[in-house]
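Take a look at the structure below.
The values are calculated or read from the model by the stated rules, or taken from the named source; none is laboratory data. Fair warning: this is a prediction, and the values are worked out from it, not measured in the lab. Glycine gets a Cβ as well: all are built from the backbone with ideal geometry, and neighbour counts include every protein chain shown.
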Ligand code: ADP
Ligand code: MG
């Protein structure tokens, strides 16, 4: 059985079928790219799978159980984590706090007075801090740790978004346009991090509008068009497929 699958998903917005009977599945350990023209339904597919929206029809299965419509937090706790096309960090908070606060179920220094915080709560807090610092270093954000997130560049925000997602220790990481607005050097760095995470066992699904970086990175490409899967296969085969060429160039 696949680690993650969507079966016959439908999502309509006021008569527009953003996702139109779409089925796709991902095996454990895969690195899959999802491409397709603007408006093809890529983000809506991620939203349906990750519980951000509930599909009108169809079934989502993750790790052996049906999870259709389960809330994002519940799925994240089970290891299914996604990032957003428009990053969601809190601009009035520092980079470090943004990463720390992405951790699930953390006791929170603000909400629990120091005197009643148990030893185990303090241990969790310490490990959250350590993990956050490690991620800041990995993504070369450590020198910006005390900056407000509002001061970051678009590319740095993408790195922050990735660091925040990794605080949740995902089994499956779904990235919505991780390279959008990112300069070429940083794009290569993010791609390298993604490759490494996948090599260390993480299943990764990446939506991307730009094809070049993605094609080199992934094992498999799924092409969406008008809410459906147009082609699904090895990158070389997919990119030379007439239907894909038509979808991208023919409009
Ligand atoms: P992609 O990510 O492939 O560019 P989307 O999934 O964002 O495509 O959008 C697919 C279609 O659904 C588009 O026509 C978009 O305008 C529409 N759509 C997406 N989300 C909403 C929403 N919340 N309300 C209304 N229409 C939406
Ligand atoms: Mg999108």
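Would you point out the residue of the range 199-222, among those that are more than 16 Å from ligand 1 (Cβ to nearest atom) and within 13 Å of the chain's Cα centre (by Cα), that is nearest to residue 86 (Cα to Cα)?
204
Within the group 24, 10, 34, 59, which residue is part of a strand (DSSP E or B), over 18 Å from the mean Cα position of the chain (by Cα) and within 15 Å of ligand 1 (Cβ to nearest atom)?
Of the residues listed, the single one that is part of a strand (DSSP E or B), over 18 Å from the mean Cα position of the chain (by Cα) and within 15 Å of ligand 1 (Cβ to nearest atom) is 10.
If you take the residues of the range 167-182 that are under 20 Å from residue 196 (Cβ atoms) and without any contact (Cβ under 8 Å) to a residue 40 or more places away in the chain, which of them is farthest from ligand 1 (Cβ to nearest atom)?
Only one residue tops the list, namely 182.
In the range 7-28, which residues are under 18 Å from residue 218 (Cβ atoms) and either touching a strand residue (DSSP E or B) at 6+ places or on another chain (Cβ under 6 Å) or without any contact (Cβ under 8 Å) to a residue 40 or more places away in the chain (or both)?
Result: 24, 25, 26, 28.
Restrict the check to the range 67-77 and report whether at least one residue is within 13 Å of ligand 1 (Cβ to nearest atom) and not in a helix (DSSP H, G or I).
We begin by selecting, within the range 67-77, every residue within 13 Å of ligand 1 (Cβ to nearest atom); these are none.
No: the range 67-77 contains no residue that is within 13 Å of ligand 1 (Cβ to nearest atom) and not in a helix (DSSP H, G or I).
Anything in the range 92-114 that is surrounded by fewer than 22 Cβ atoms within 10 Å (Cβ to Cβ), at pLDDT 85 or above and part of a loop (DSSP other than H, G, I, E, B)? List them, or say none.
Answer for the range 92-114, where residues must be surrounded by fewer than 22 Cβ atoms within 10 Å (Cβ to Cβ), at pLDDT 85 or above and part of a loop (DSSP other than H, G, I, E, B): 92, 93, 101, 103.
Out of (1) buried (at least 19 other Cβ atoms within 10 Å of the Cβ); (2) modelled with pLDDT of 95 or more; (3) in contact with a strand residue (DSSP E or B) (Cβ under 7 Å, 6 or more places away or on another chain), what's the single condition that is false for residue 83?
(2)
All but one of (1) under 21 Å from residue 231 (Cα atoms); (2) modelled with pLDDT of 95 or more; (3) within 14 Å of ligand 2 (Cβ to nearest atom) hold for residue 37; state the number of the condition that does not hold.
Of the numbered conditions (1) under 21 Å from residue 231 (Cα atoms); (2) modelled with pLDDT of 95 or more; (3) within 14 Å of ligand 2 (Cβ to nearest atom), the odd one out for residue 37 is (2).
Quick check on my filter: what residues within the range 240-251 are surrounded by fewer than 16 Cβ atoms within 10 Å (Cβ to Cβ) and within 16 Å of ligand 2 (Cβ to nearest atom)?
248
Residues that are surrounded by fewer than 18 Cβ atoms within 10 Å (Cβ to Cβ) and out of contact with any strand residue (DSSP E or B) (no Cβ under 6 Å at 6 or more places or on another chain): list the helices (runs of 4 or more DSSP H) wholly contained in the range 120-239 that include at least 3 such residues.
184-199, 212-217, 235-239
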